[in-house]
Amino acid sequence: MTSLLITGGRVVDPASQFDQTADVLIREGRVARIGVIPKNRIPKGIKTIDARGCVVCPGLIDIHVHLREPGQSGKETIKTGAAAAARGGFTTILGMPNTAPPVDNASAVSLIREKAAKDSVVNVLVAGAISKGLAGEELAPIGSLKQAGVVAITDDGHCVQNNELMRRAVEYAKMFELPVLDHCQDYSMVTDGVMHEGYYSLLLGLRGWPAAGEEIIVARNIILAELTGHTIHCQHISSAGSVRLLRDAQKRGVPISGEACPHHFTLTDAALAGSDHFWPGDGQAFAAFQPRQLPHWPAYDTNFKMNPPLRSAKDREAILEGLSDGTLSIIGSDHAPHATYEKEVEFDYAPFGIIGLETELPLSLMALVHSGRLSLAAMLAKFTINPARLLKIKKGTLSEGADADVTIFNPDAEWTYTPEQTASLSRNSPFFGWRLKGRVMFTIVGGQVVFDDSATS
C-alpha cells in the first residue's frame, strides 16, 4: 500500500476541532501525520495531491442509503450505489434492509457484506431489520443479526405500528448495543396520502399526508427511549412538530436523535405545483440561489414525490433551525433509486423516493454554510463524527492512526448537475439542471483514491 500526501488544503476535523491549513500524510491506509510538512522532508516518489483552495475533511458518512441489492438490481446495485457515494464524497454508507428479500437474517447480512467486499469502492455497512419481513409482527433475530455484522436495526420503508413490539425491539437492541433507527409514520393517520396535507394538496387534488402522521411516532419513540434508556434515531425528519418534540426531549436528557435530508430543507410542497410556483430564493437559507439558476419543471413531477413528503415553507424553516441548533445532528440522503419507467406514471401510482448521494454535500453547503446558518465545521460534524458516534464505528476523524478515509472538496466550485454525471443506475432526481455550489474533487478510502474529479475543475 503506497503513501499519499495531501498538501495545502484547509483541513477540517470536527472530531478534534482542528481547522487550519495543513498537510495530511497517509501511510499504509492510515493517517500518519497532520501539519505543515517541509518540502525537504517529503519522501521522494510519494504521490501528492495539491488541495489548495479545497477543504480536506474526514470521509463523509451517510447512514441512510438504499442499495436495492439483492432483489432490485435494475434500480441500483451495491457497485453502482457505492460509485455514486464516492462521487458524492462519501467513504462509508449504511445500507437499509428493505431489499428483496429483506435483511432479517444472518445469511442476508453475509451476502451483502460479501458483495460489498468484492464490488464496492467505499465502506458498506449493513442495517438489519427490526421485524421479520419488515412486517411489524414478529421480532427479527436481533442477536444473530448483530453477530453477523449489522451496526443498527431499522424497518426503514416501513414503520412498526405495534408499540409493544417496538418496546421489546429497543430493549433487545440495548442488550446488543445497537442503535434503533426508525421511519416515523403512523399508517392510520397517513392512510393513502401521496403529498403533504395543506394548501397545495387541495390545489392539486392529491391525497394529503398530514404532518401529524410523523409526529405521533416521533412522540412514541421519545417515550420508548426514555423508558428503556436506549438510543432511538428518528430518520428523515420533515415536520416542524417533530423538530419541536425532539428538541424538548433532548433538553430533558432523553436519548433520542434525528436526521434531516437535503430535499426536506431545500424544497417545499410548492414544488409539486411546478417551477412557476416555486423557487428556493424565498428566505435566508437560499441566498446562494437565484431564480434564473433553476430549470423548468412541470406540475405533478413524480421526482418530487418522496416519503415523508415535501412539506410547507414553515416546516422547511423548522428543519433548518433544527440543524442549526443541533436538534437534528445528522444529515442523510435517503438515497432511493427507482427505474425511470416506475416514475413515468400518474403521480398517485409512482413510488416514493429520489437519488441523493451526489447532491447531498453541495445542497447542504448552500443551505447551511453559504447562507451563514452553520459553520463549515458544524455542518461537517453532521456528516462525520456524529453518524460515527451513533453507529459506534471507528470512523469520522482524521486523528493520527485513524483509517485514511478522506474527502476533498472545493466549497466554492459551481457546477450544473446533469443525468450524464450520475453513477447511479437510476435517474430519479429533482435536482437535475440545478446550478450547485460545492464540488467533490477526491474521495479517498483506506488511503486509496476511489474518485478523482480534479481534471474537470
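The values are calculated or read from the model by the stated rules, or taken from the named source; none is laboratory data. Owing to the predicted nature of the structure, the values given are computational and were not obtained by experimental measurement. Glycine also receives a Cβ, built like all others from the backbone with ideal geometry; neighbour counts cover every protein chain displayed.
Annotations for the structure displayed:
- Residue under evaluation G133, criteria (1) farther than 28 Å from T359 by Cβ; (2) in contact with a helix residue (DSSP H, G or I) (Cβ under 9 Å, 6 or more places away or on another chain), criterion not met: (2)
- Residue check, Q147 over 19 Å from S107 (Cα atoms), in contact with a helix residue (DSSP H, G or I) (Cβ under 8 Å, 6 or more places away or on another chain) and polar (S, T, N, Q): no
- Answer residue from the range 322-347, given it is within 14 Å of the chain's Cα centre (by Cα) and small (G, A, S) and is surrounded by the most Cβ atoms within 10 Å (Cβ to Cβ) among those: S333
- Across the range 116-138, the qualifying residues are those that are assigned to a helix (DSSP H, G or I) and within 30 Å of V449 (Cβ to Cβ), and the one among them that is nearest to the chain's Cα centre (by Cα) is A116.
- If you go through the range 332-376 and keep only what is small (G, A, S) and under 23 Å from V124 (Cα atoms), you end up with G332, S333, A336, A339, G353, G356, S364.
- Residue count, the range 179-209 (criterion: without any contact (Cβ under 8 Å) to a residue 60 or more places away in the chain, surrounded by 19 or more Cβ atoms within 10 Å (Cβ to Cβ) and of a type in the set (V, I, T)): 2
- Inter-residue pairs, beta-carbon under 7 Å, first basic (K, R) and in the range 376-388, second in a loop (DSSP other than H, G, I, E, B), 6+ apart: K382/S329
- Pick from the range 279-319, criterion among the aromatic types (F, W, Y) and either closer than 19 Å to G372 by Cα or surrounded by 23 or more Cβ atoms within 10 Å (Cβ to Cβ) (or both), ranking: modelled with the lowest pLDDT: F286
Per-residue answers, yes or no, for (1) touching a Pro at 6+ places or on another chain (Cβ under 8 Å); (2) of a type in the set (K, R); (3) outside any loop (DSSP other than H, G, I, E, B):
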site	(1), (2), (3)
A100	yes, no, no
V103	yes, no, no
A108	yes, no, yes
L111	yes, no, yes
E114	no, no, yes
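- Residue in the range 139-152 that is within 21 Å of the chain's Cα centre (by Cα) and either buried (at least 22 other Cβ atoms within 10 Å of the Cβ) or without any contact (Cβ under 8 Å) to a residue 12 or more places away in the chain (or both) present: yes
- Qualifying residues in the range 153-176 (those that are touching a residue at least 60 places away in the same chain (Cβ under 8 Å) and in contact with a helix residue (DSSP H, G or I) (Cβ under 8 Å, 6 or more places away or on another chain)) - the one farthest from I393 (Cα to Cα): N163
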